[in-house]
Amino acid sequence: MSAARPTRTRKDSAAPRSAKRTATANRNASTASPAGRRAAGHRTDQLEAMLRIRRFEERCVELYSAAKIRGFVHLYIGEEAVAVGVNEALTPEDAVVSTYREHGHALARGITAEAVMAEMYGRTTGCSGGRGGSMHLFDASRRFYGGNAIVAGGLPLAAGLALADRMREQSRVTCCFFGDGAFAEGEFHETANLAALWKLPLLLVCENNLYAMGTALERHEAQTDLAMRAASYGMVAWAVDGMDVEAVEHAARRAVEGIRAGTGPHFLELRTYRFRAHSMYDPDRYREKGEIEQWKSRDPISLLMDRMHENGELGDKELARIEQRITDEIDHAVEAAEQAPEEPVEHLLRHVTSSSAKAVS
Ligand SMILES: Cc1ncc(C[n+]2csc(CCOP(=O)(O)OP(=O)(O)O)c2C)c(N)n1
Ligand SMILES: [Mg+2]
């Protein structure tokens with residue numbers, strides 16, 4: 001079985017075409033000019049944000065092997081450009097709803113590595129008080145409304161948040177991340193229909209990594225052009241190269257602009273790939289090694305680094321400084337999680353609303 005298609009020139013050209021122009025323009029801009037320096041600085045920030053996610057998850061793999069982290073863990077490695085590029089287009093007032101593969105979304109949103117790592121450890125200092133774990137990161141103060149273990153489960157929640165903001169006449173956008181697997185769920189179609197009908201301020205971000213667990217897209221969808229299907233609901237929809245962080249950000253900015261202008265929901269199909277298995281339990285026997293390697297040759301971090309090297313924007317010293325900063329941050333996060341307390345058993349019934357719940361003796 002082969003689902004390999006790392007470069008899809010014709011369809012990718014819709015939104016990214018202008019993104020590519022922007023990237024070319026950036027390359028030509030002299031870093032000596034203020035605009036050139038700003039663009040270079042922005043790329044450095046994008047690189048650091050993607051590296052933070054990558055290094056955080058690499059550490060999670062080690063900690064999982066050491067049985068420090070338990071339960072289900074779904075890694076985002078390979079998809080970092082999506083979380084980082086989309087987040088750049090959002091403001092702190094906007095809302096984000098995510099999936100169980102959400103470490104990257106949470107970190108890009110600004111939840112600290114310390115709060116996420118403590119949650120991975122199930123400690124009280126975690127962003128969900130240690131009750132959620134890897135799949136249920138949550139931080140209402142950052143308008144980050146989870147982490148959701150149910151495929152497509154975040155979509156109706158996101159529509160509700162967007163409707164609430166609209167009713168309060170607030171100019172906010174709700175961004176909902178979900179996978180290609182969500183297309184097989186009624187919740188996607190019900191949400192898309194109502195959001196388009198009511199012109200909700202909703203950004204639908206489909207992370208099309210070509211697989212829903214071990215099932216390739218063409219084995220569960222009759223029509224695999226997801227942007228085209230979303231457009232059939234009467235919303236603006238584009239397919240974007242999800243390995244190019246600048247293209248992602250450019251498309252997300254255009255979409256958010258349209259949403260804030262009142263034109264209703266926008267849909268982005270980000271064509272991406274997870275380099276690791278579905279979860280830590282998955283033996284990953286349904287993909288050809290060659291396919292994985294082909295996608296790795298378009299690693300979003302290497303793509304951006306190559307562009308920056310080409311522009312003379314990234315020196316070895318600067319890269320080493322960024323890597324060190326991230327290593328220190330993650331070391332500190334692990335140390336803090338190791339020291340943090342677990343929830344005492346007497347608190348077991350906190351947040352349990354059932355009247356039949358009994359106190360533990
Ligand atoms: C409603 C529901 N059905 C089935 C599952 C089991 N399940 C967990 S992950 C997954 C695949 C989802 O794939 P996709 O949406 O493409 O996201 P990805 O894992 O690729 O990021 C399935 C079927 C679930 N969690 N929820
Ligand atoms: Mg998928």
Could you list, in sequence order, all residues of the stretch 286-331 that are part of a loop (DSSP other than H, G, I, E, B) and either more than 16 Å from ligand 2 (Cβ to nearest atom) or loosely packed, with under 12 Cβ neighbours inside 10 Å (or both)? E288, S297, R298, D299, G312, E313, L314, G315
Is one or more of the residues making up the stretch 51-60 modelled with pLDDT of 95 or more, under 17 Å from A277 (Cα atoms) and under 11 Å from the mean Cα position of the chain (by Cα)? yes
Restricting attention to the stretch 271-285, does a residue exist that is away from ligand 2 (no atom under 16 Å from the Cβ) and either of a type in the set (D, E, K, R) or part of a strand (DSSP E or B) (or both)? yes
Would you be able to say whether some residue in the stretch 252-263 is more than 22 Å from the chain's Cα centre (by Cα) and not hydrophobic (A, V, I, L, M, F, W, C)? yes
Taking first residues from the stretch 67-91 that are closer than 19 Å to G41 by Cβ and second residues anywhere that are within 16 Å of ligand 2 (Cβ to nearest atom) and among the aliphatic types (A, V, I, L, M), the pairs with Cβ under 6 Å that are 6 or more apart or on different chains are A81/M243
Would you check if T99 is more than 18 Å from P300 (Cβ to Cβ), of a type in the set (S, T, N, Q), crowded, with 24+ Cβ neighbours inside 10 Å and out of contact with any helix residue (DSSP H, G or I) (no Cβ under 6 Å at 6 or more places or on another chain)? yes
Of everything in the stretch 239-259, what is among the hydrophobic types (A, V, I, L, M, F, W, C), more than 16 Å from ligand 2 (Cβ to nearest atom) and touching a Lys or Arg at 6+ places or on another chain (Cβ under 8 Å)? Give them in sequence order. A247
If a residue has to be within 16 Å of the chain's Cα centre (by Cα) and either charged (D, E, K, R) or more than 11 Å from ligand 2 (Cβ to nearest atom) (or both) to count, how many in the stretch 203-218 make the cut? 4
Taking the stretch 171-187 as the region of interest, how many residues are closer than 9 Å to V96 by Cα and either within 12 Å of ligand 2 (Cβ to nearest atom) or over 15 Å from the mean Cα position of the chain (by Cα) (or both)? 2
Please enumerate the residues belonging to the stretch 79-99 that are outside any helix (DSSP H, G or I) and either under 20 Å from G126 (Cα atoms) or out of contact with any Asp or Glu (no Cβ under 7 Å at 6 or more places or on another chain) (or both). L90, T91, P92, E93, D94, A95, V96, V97, S98, T99
With (1) surrounded by 24 or more Cβ atoms within 10 Å (Cβ to Cβ); (2) free of Cβ contacts under 8 Å to residues at least 24 places away in the same chain as the list, and S141 as the residue in question, which single condition is left unmet? (1)
Can you spot a residue in the stretch 59-71 that is touching a His at 6+ places or on another chain (Cβ under 9 Å), part of a loop (DSSP other than H, G, I, E, B) and not hydroxyl-bearing (S, T, Y)? no
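The values are calculated or read from the model by the stated rules, or taken from the named source; none is laboratory data. These numbers come from a predicted model, not from an experiment. Note: ideal-geometry Cβ built from the backbone for every residue, glycine included; neighbour counts use all protein chains shown.
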